[in-house]
Amino acid sequence: MWYQSLDYKTRESWSRSRRVVSKVEYGAKGTNIRFVVTSLATKKVPPAQLYTQKYCKRGEMENRFKEQQLELFSDRTSTHTFAGNQLRLWFSSIAYVLMNALRSKCLAKTELQNSQVGTIRTKLLKLGALITVSARRILIAITSSSPSKHIFAAAYRCLKMLPNTA
């Protein structure tokens, strides 16, 4: 990989010259060239650091926003009141935090440890079960043919070991 800064000005659309950081890599699939336009000075942030520590991390953050929006439906704000839409967004945000905690704490040693929120929701939480509630316990009976029952059981064992803060 090779990183380089250069000053560039378009013929018409930019009023002045700007710093452009380029990343060039060559691999089995050929040449891959990418560019980032920035206002950060070369003295302040070298090209490789700007690309890997600023630009890539920002892209990863954008992916997390998109994941919450698409997989936990944070964009569904179709009620007629601001408070109702705000409540829906809060529920989506809380669900996202809980899903990330579930992934990091309880799914760390399973095949879902690096899965996106939508995959966890579909494979682990979106299942049919018979729930029986009695005075002393809640019994969840999952079909024995569930393909993810071993992951569900591992997550349940992990959740049982978490400290009770209630």
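Name every residue in the range 72-110 that is part of a loop (DSSP other than H, G, I, E, B), of a type in the set (D, E, K, R) and in contact with a helix residue (DSSP H, G or I) (Cβ under 7 Å, 6 or more places away or on another chain), in order of residue number.
Listed by number, the residues that qualify are 75, 76.
Going by the conditions given, is residue 11 of a type in the set (Lys, Arg), open to solvent by 70 Å² or more (accessible area, probe 1.4 Å) and either in contact (Cβ under 8 Å) with a residue 12 or more places away in the chain or in a helix (DSSP H, G or I) (or both)?
Here the answer is no, as residue 11 does not meet what is asked.
What tally of residues in the range 122-135 results from selecting those that are among the hydrophobic types (A, V, I, L, M, F, W, C), open to solvent by 80 Å² or more (accessible area, probe 1.4 Å) and under 24 Å from residue 70 (Cβ atoms)?
Total meeting the criteria: 1.
Conditions tested, residue by residue: (1) at pLDDT 90 or above; (2) under 28 Å from residue 157 (Cβ atoms); (3) in contact with a strand residue (DSSP E or B) (Cβ under 8 Å, 6 or more places away or on another chain).
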site: 37; (1), (2), (3): yes, no, yes
site: 41; (1), (2), (3): no, no, yes
site: 70; (1), (2), (3): no, no, no
site: 81; (1), (2), (3): yes, no, no
site: 87; (1), (2), (3): yes, no, no
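Yes/no per residue for (1) surrounded by 12 or more Cβ atoms within 10 Å (Cβ to Cβ); (2) closer than 30 Å to residue 35 by Cα; (3) among the small types (Gly, Ala, Ser):
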residue: 78; (1), (2), (3): no, no, yes
residue: 89; (1), (2), (3): yes, no, no
residue: 99; (1), (2), (3): yes, no, no
residue: 109; (1), (2), (3): no, no, no
residue: 120; (1), (2), (3): yes, no, no
residue: 137; (1), (2), (3): no, no, no
residue: 142; (1), (2), (3): yes, no, no
residue: 155; (1), (2), (3): yes, no, yes
residue: 164; (1), (2), (3): no, no, no
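Using beta carbons and a limit of 6 Å, which pairs, at least six apart or on different chains, have the first residue in the range 46-65 and more than 11 Å from residue 5 (Cα to Cα) and the second one at pLDDT 85 or above and aliphatic (A, V, I, L, M)?
Close Cβ pairs satisfying both conditions: 55/36.
Which residue out of 93, 115 is surrounded by 14 or more Cβ atoms within 10 Å (Cβ to Cβ) and under 18 Å from residue 63 (Cβ atoms)? Full working, then the answer.
Details: 93 fails: surrounded by 14 or more Cβ atoms within 10 Å (Cβ to Cβ).
Every option except 115 fails the conditions.
The values are calculated or read from the model by the stated rules, or taken from the named source; none is laboratory data. Remember, it's a predicted structure, so these values are computed and weren't measured experimentally. Cβ coordinates were reconstructed from backbone atoms using ideal geometry, including for glycine residues, and neighbour counts include every protein chain displayed. The protein model used for the area step is the full one, side chains on, heavy atoms only, and it has no ligands, DNA or RNA in it. Shrake-Rupley method; radii C 1.70, N 1.55, O 1.52, S 1.80 Å.
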